[in-house]
1. Could you tell me whether the stretch 37-53 includes any residue that is modelled with pLDDT under 95, part of a loop (DSSP other than H, G, I, E, B) and loosely packed, with under 10 Cβ neighbours inside 10 Å?
2. Give the residues of the stretch 62-76 that are out of contact with any helix residue (DSSP H, G or I) (no Cβ under 7 Å at 6 or more places or on another chain) and assigned to a strand (DSSP E or B), sorted by residue number.
């Protein structure tokens with residue numbers, strides 16, 4: 001939002017600020033609902049084949065509801081963070097001749 005202070009009067013400015021702050025001041029917050037994936041949706045999210053998802057069930061965080069498998073996006077994201085390979089610092093380069 002851009003406001004031209006030269007032409008805007010104080011009342012207009014106050015109304016714009018009040019409108020922007022209204023959701024915060026009223027205590028109403030947008031609740032982030034955790035997305036839930038089935039196997040196909042998780043495979044699409046991870047950009048892998050669905051067969052990989054089935055093969056990786058021993059590692060992937062999931063919930064089994066009868067015959068249905070479900071995956072919480074937040075749990076999968078945390079799992080990916082834990083599994084991320086980070087570069088190792090101070091590696092010595094070995095020059096073999």
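1. The answer is no; no qualifying residue exists.
2. The answer is 63, 64, 65, 68, 70, 72.
The values are calculated or read from the model by the stated rules, or taken from the named source; none is laboratory data. Remember, predicted model here, so these are calculated numbers, not experimental data. Here Cβ is always computed from backbone atoms with ideal geometry, including for glycine, and neighbour counts include all displayed protein chains.
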